[in-house]
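The next block holds one structure in the form of structure tokens; read it before the comments.
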Amino acid sequence: MSDFSVIYQTSDALGPIRVLDNGESRILAFGDNDEQSKLNKKTPHVPKHSYVQVMLESLMFSSPKSAIVLGLGGGALVHALRRFDGALKLTAVELRGEVIDIAKKYFYLPVGKKLNLIEADATVFVSDAEHKKVDIIFADLYGADGVDAKQLTASFIQGCVRLLKPGGMLVLNCWKEHRQRSDVREQLQQHFCDVYGSLSSGGNWVVFATLTPGVLKEEGLKQARAELSAKLEFNVGKASLGFGPWLD
């Protein structure tokens, strides 16, 4: 990131928050050599990080009318979801109020009546919040040191199930090392009919879990990716190194 300059910085109880810019792109960082979010200023709806691209593959199997994004960051998922469907009812939950303000000011967050921004601890939100059930939940809880361990707990998974409609889907962004976490897989299998995973080219393990069997499938991926690529305006599937059931 040597060609990037800091254009804004602040801090809160959890540490520093920086916005970097190189003229073409912007980065949200929580520490040195950290990239929480990255966007191209001309095409903010096209995700720069491979794990976001893989998370959006969930849209091959679902046409949600409502969604919750846990962990706003710079709003990469929100941008892409808004491009997918301008009428989609979105709630984004972010722990750090400063991050919400930064996403709006520096990352062109598409605010409007269909986007509800909530400053809260997402791990508490899924357990306690009075919120209408939604079609899909995207969980991307990361800090400067990596994945929030609470995102992989039984209570968090149960909380997400509580907020999903029948037939809903949970999409979890994890590290590739979590692929070996049989305890997480087993917790998901207790609540969901099908649990699939995909390794991103950047080394993330993205998990897809559905409350209805048979929704996730490996057949027809090429055509489904082509159709979604046209809608999202990037090459869906390019960042995925494999998609299939999360097995032992």
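What number of residues within the stretch 79-101 satisfy the criterion of being of a type in the set (Gly, Ala, Ser) and within 18 Å of residue 62 (Cα to Cα)?
Pass one, the stretch 79-101, residues of a type in the set (Gly, Ala, Ser): 80, 86-87, 92, 97.
Now narrow it down to the ones that are within 18 Å of residue 62 (Cα to Cα): 80, 86-87.
Looking only at that region, the number is 3.
Does residue 140 satisfy the condition of being open to solvent by 30 Å² or more (accessible area, probe 1.4 Å), touching a residue at least 60 places away in the same chain (Cβ under 8 Å) and closer than 15 Å to residue 70 by Cα?
Numbers: open to solvent by 30 Å² or more (accessible area, probe 1.4 Å): no; touching a residue at least 60 places away in the same chain (Cβ under 8 Å): yes; closer than 15 Å to residue 70 by Cα: yes.
So residue 140 does not fit the description; no.
What number of residues within the stretch 190-215 are without any contact (Cβ under 8 Å) to a residue 40 or more places away in the chain and in a loop (DSSP other than H, G, I, E, B)?
5
Can you list residue pairs whose Cβ atoms sit under 6 Å apart, with the first residue in the stretch 87-101 being hydrophobic (A, V, I, L, M, F, W, C) and the second being assigned to a helix (DSSP H, G or I)? Count only pairs 6 or more apart in sequence or on different chains.
Qualifying pairs under 6 Å: 88/81; 92/78; 93/122; 93/125.
Let's see how each residue does on (1) touching a His at 6+ places or on another chain (Cβ under 6 Å); (2) open to solvent by 10 Å² or more (accessible area, probe 1.4 Å); (3) within 23 Å of residue 65 (Cα to Cα):
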residue	(1), (2), (3)
116	no, yes, yes
122	no, no, yes
125	no, yes, yes
165	no, yes, yes
171	no, no, yes
188	no, no, no
198	no, no, no
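Step by step: first the residues of the stretch 36-45, then only those that are surrounded by fewer than 18 Cβ atoms within 10 Å (Cβ to Cβ) and within 20 Å of the chain's Cα centre (by Cα), then the one that is nearest to residue 232 (Cα to Cα). Which residue is that?
43
Across the stretch 216-225, what is the total count of residues that are open to solvent by less than 60 Å² (accessible area, probe 1.4 Å) and either assigned to a helix (DSSP H, G or I) or of a type in the set (Gly, Ala, Ser) (or both)?
So the count comes out to 4.
The values are calculated or read from the model by the stated rules, or taken from the named source; none is laboratory data. Quick caveat: nothing in here was measured; it's all calculated off a predicted structure. FYI the Cβ positions are ideal-geometry reconstructions off the backbone, even for glycines, and counts take in every protein chain you see. Just so you know, the surface numbers come from the protein's heavy atoms only, side chains and all, with ligands and any DNA or RNA stripped out. Shrake-Rupley method; radii C 1.70, N 1.55, O 1.52, S 1.80 Å.
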